[in-house]
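Asker: Mind having a look at this structure? Questions to follow.
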Amino acid sequence: MDSLIPTLAIWALPVLLAITLHEAAHGYVARHFGDPTAHLAGRITLNPLRHIDPVGTVLVPAGILALSSLFGGGGILFGWAKPVPVNFSRLRNPKADMLWVAAAGPFTNLVMAIGWAIVFKLAVALQPGDFTVPMLRMADAGMQINAVLMILNLLPLPPLDGGRIAVSLLPNRLAWRFAQIEPYGFPILLVLLFTGLLGAILWPLIAGFRFLLSTLFGF
């Protein structure tokens, strides 16, 4: 328990930013391409309270952190916010514009991962002090959660962003057939998670991305 509270404090801000800005980005890009649904619902905002899902944003990440802290597990930390409402039929060019709306979330996670890498680099350069270690740990957490969310959401499985990107890129007939997977996407994801296959797919990609960040920023 003594290590759990500091761990939660370190991860809270990176997780909230990673999840809520991911969703807000979808709404912002959807509005840009003609769908004001998220804007009218007040979901294009940096206020995390408008995006927090009690289970996906709070309980699931906190539970994973608690189990990792207590048992030393290496589970994948992930979560979700309340999905931003997007009416793809209101986009000016629904099939083509779907790609940009879907890609906005992972792209936002990429930008945040780079931002946290810069914070980590600055913390390394600072004189050691009371705030240096927490700053390093928070920056490391920020890189990790954004790497996980970016790569997880790019998996080509509807309704994940990667699935919607695939639907946008496929020829119409194949796109329609592929989109029919969407109702089964979340159960498939859960099966992959609990069988360990999801970790086997994601961990090498996450490790490769983290190595790329460390190489680019020299830490």
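The values are calculated or read from the model by the stated rules, or taken from the named source; none is laboratory data. Quick caveat, the model's predicted, so the values are computed rather than measured. Positions of Cβ are backbone-derived with ideal geometry, glycine not excepted, and every protein chain shown enters the neighbour counts.
Asker: If a residue has to be part of a helix (DSSP H, G or I) and small (Gly, Ala, Ser) to count, how many in segment 120-133 make the cut?
Answerer: So the count comes out to 2.
Results for (1) touching a residue at least 12 places away in the same chain (Cβ under 8 Å); (2) more than 19 Å from Leu17 (Cα to Cα); (3) more than 20 Å from the chain's Cα centre (by Cα); (4) part of a loop (DSSP other than H, G, I, E, B), shown as yes or no for each residue.
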residue	(1), (2), (3), (4)
Phe107	yes, no, no, no
Val111	no, no, no, no
Ile118	yes, no, no, no
Asn146	yes, no, no, no
Gly163	yes, yes, no, no
Arg177	no, yes, yes, no
Leu192	no, yes, no, no
Leu198	yes, yes, no, no
Leu212	no, yes, no, no
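Asker: Sticking with this structure for a sec: So which residues in segment 10-47 are outside any loop (DSSP other than H, G, I, E, B), out of contact with any His (no Cβ under 8 Å at 6 or more places or on another chain), without any contact (Cβ under 8 Å) to a residue 60 or more places away in the chain and hydrophobic (A, V, I, L, M, F, W, C), if there are any at all?
Answerer: Of everything in segment 10-47, those that are outside any loop (DSSP other than H, G, I, E, B), out of contact with any His (no Cβ under 8 Å at 6 or more places or on another chain), without any contact (Cβ under 8 Å) to a residue 60 or more places away in the chain and hydrophobic (A, V, I, L, M, F, W, C) turn out to be Ala12, Leu16, Leu40.
Asker: Can you find a residue that is at positive phi and either surrounded by fewer than 19 Cβ atoms within 10 Å (Cβ to Cβ) or out of contact with any His (no Cβ under 8 Å at 6 or more places or on another chain) (or both) anywhere in segment 158-170?
Answerer: No; the residues of segment 158-170 include none that is at positive phi and either surrounded by fewer than 19 Cβ atoms within 10 Å (Cβ to Cβ) or out of contact with any His (no Cβ under 8 Å at 6 or more places or on another chain) (or both).
Asker: Output the residue which, of all residues in segment 194-219 that are at pLDDT 90 or above and either in contact with a Gly (Cβ under 6 Å, 6 or more places away or on another chain) or aromatic (Phe, Trp, Tyr) (or both), is surrounded by the fewest Cβ atoms within 10 Å (Cβ to Cβ).
Answerer: Phe211
Asker: Take the conditions under 15 Å from the mean Cα position of the chain (by Cα) and at pLDDT 75 or above and apply them to Pro6. Does it pass?
Answerer: No, not satisfied.
Asker: Identify all residues within segment 145-166 that are of a type outside the set (A, V, I, L, M, F, W, C) and over 20 Å from Leu213 (Cβ atoms); write none if there are none.
Answerer: Of everything in segment 145-166, those that are of a type outside the set (A, V, I, L, M, F, W, C) and over 20 Å from Leu213 (Cβ atoms) turn out to be Pro156, Pro158, Pro159, Asp161, Gly162, Gly163, Arg164.
Asker: Taking the conditions exactly as written (aromatic (Phe, Trp, Tyr), in contact (Cβ under 8 Å) with a residue 12 or more places away in the chain and closer than 27 Å to Arg92 by Cβ), does Phe186 satisfy them or not?
Answerer: No.
Asker: Take the conditions of a type in the set (Gly, Ala, Ser), more than 15 Å from the chain's Cα centre (by Cα) and at negative phi and apply them to Ala102. Does it pass?
Answerer: So Ala102 does not fit the description; no.
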